[in-house]
1. Projecting each Cα onto the charge dipole of region 100-155 (Lys/Arg +1, Asp/Glu -1 at the beta carbon, about the Cα centre), which of VAL107, PHE125, LEU136 comes out farthest on the positive side?
2. Can you order the peptides 154-166, 171-183 by their average number of other Cβ atoms within 10 Å per residue, highest first?
3. 5 Å is the cut-off here: which amide hydrogens, built 1.01 Å from N in the peptide plane, fall below it relative to TYR28, excluding neighbours closer than 5 in sequence?
4. Please compute the volume of the convex hull spanned by the alpha-carbon atoms of the chain and report it per residue in Å³.
5. First check a/c for region 177-326, with a ≥ b ≥ c the square roots of the eigenvalues of its C-alpha gyration tensor; if it is under 1.5, answer rounded, and if not, answer prolate when a/b is larger than b/c or oblate otherwise.
6. Over the chain, what is the percentage of antiparallel beta bridges among all DSSP beta bridges, to the nearest 5?
7. Please list 201-212, 63-74 highest first by mean number of surrounding beta-carbon atoms within 10 Å per residue.
8. Name the helices (complete DSSP H segments) of the chain with a Cα length along the long axis of 30 Å or more and a Kyte-Doolittle mean of at least -0.5, or state none.
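We did not get these values from a lab; they are worked out from the coordinates using the rules stated. Every value quoted in this text rests on a predicted model; they were computed, and no experiment measured them. A quick note on method: Cβ atoms are made from the backbone with ideal geometry, for glycine too, and the neighbour counts reach across all protein chains shown.
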Amino acid sequence: MVRIATIGTNFVVDWFLQAGLKCNDFSYVGTYSRDFQKGETFSKKHNGKLIFTNLNELANSNEIDAVYIASPNSLHYSQAKLMIEHGKHVLIEKTITSNLKELEDLVSLAKKHNVVIMEAMRNVFGPGFKAIQDSLQKIAPVRRVSFQYCQYSSRYDKFKSGIIENAFNKDFSNGSLTDIGVYCIHPLVKLFGLPKEIFSLAQILPKSIDGQGTMIAKYSDMLAEVTYSKITNSMLPSQIQGEKGAIIINNIPEPREVEIIYNDSTKEKIDFALDEDDMIYEIQEWLSLINEGTYNDRNIRYSLMALKVMDKIRNQQDIVFPADLK
């Protein structure tokens with residue numbers, strides 16, 4: 001069994017532990033929280049036995065093998081670094097670090113300490129993404145990709161009234177790109193690799209972060225566009241266009257329906273079974289890597305690519321996080 005602790009007590013961690021119960025070799029042991037009462041309540045809720053209020057205690061615990069990190073983006077690097085240096089495997093919520101430099105450092109440490117580092121990018125581990133991958137040959141060659149994820153943030157109304165919460169705070173390495181756009185950019189680079197050229201636009205909110213943005217990417221034989229927003233909702237699906245037809249994806253951050261529309265207008269629905277707790281797939285992959293017993297880059301390589309693209313976008317839009325200045 002892999003003995004797991006969590007950093008964070010929000011609803012995403014609830015989802016993680018709910019999905020983890022369905023995975024072999026998954027054993028939840030305890031939680032870190034700065035607030036003991038909050039940590040105790042959360043741990044008891046999920047039948048955990050340990051509560052940590054000090055990260056060093058967690059890092060040094062002999063009862064923990066691996067740590068799921070679901071804290072604000074700006075804290076991912078320092079927390080993961082401490083865990084890795086103490087031989088703990090880590091699964092880090094998206095966006096995995098504030099910038100590429102931080103992730104390169106963590107990957108180097110993971111190699112040194114022979115532990116697994118992986119990004120919790122759930123939309124690229126499930127059967128929906130596999131269905132997309134397997135369908136590419138049916139429409140090949142691919143000429144255009146259009147991925148979009150626009151979700152009006154529940155915290156935006158507060159922002160407009162002058163209350164800036166973490167989701168709209170640059171100090172936490174947040175923004176539309178790192179909160180929303182990553183769900184489009186990660187699958188793009190996993191399917192097609194790094195683009196040769198990138199051009200981007202963003203709308204910067206007053207005294208805050210990017211509220212929305214668009215990226216155009218050029219590959220040797222195709223174009224890609226990524227649209228993301230925290231201040232609007234999109235009603236359109238994502239798609240991959242090839243010379244023989246187009247793959248229609250209902251929801252790129254959580255692909256549940258995939259359909260091919262061929263040039264002659266015939267349609268093919270791609271059937272696949274999807275667990276309602278769709279975090280199960282990333283957890284299973286993480287546990288599989290841990291049980292292999294050695295560092296492996298088969299997933300983290302795409303996180304490195306995604307951050308390279310995202311750093312380029314932020315550079316073009318003059319979006320600087322405090323973490324970039326360290």
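1. LEU136
2. Peptide ranking by packing, descending: 171-183, 154-166.
3. ILE4
4. Hull volume over Cα atoms, normalised by residue count, gives 133 Å³.
5. Oblate shape, in that a/c is at least 1.5 and b/c is the bigger or equal ratio.
6. 55
7. Ranking the peptides 201-212, 63-74 by packing returns 63-74, 201-212.
8. none
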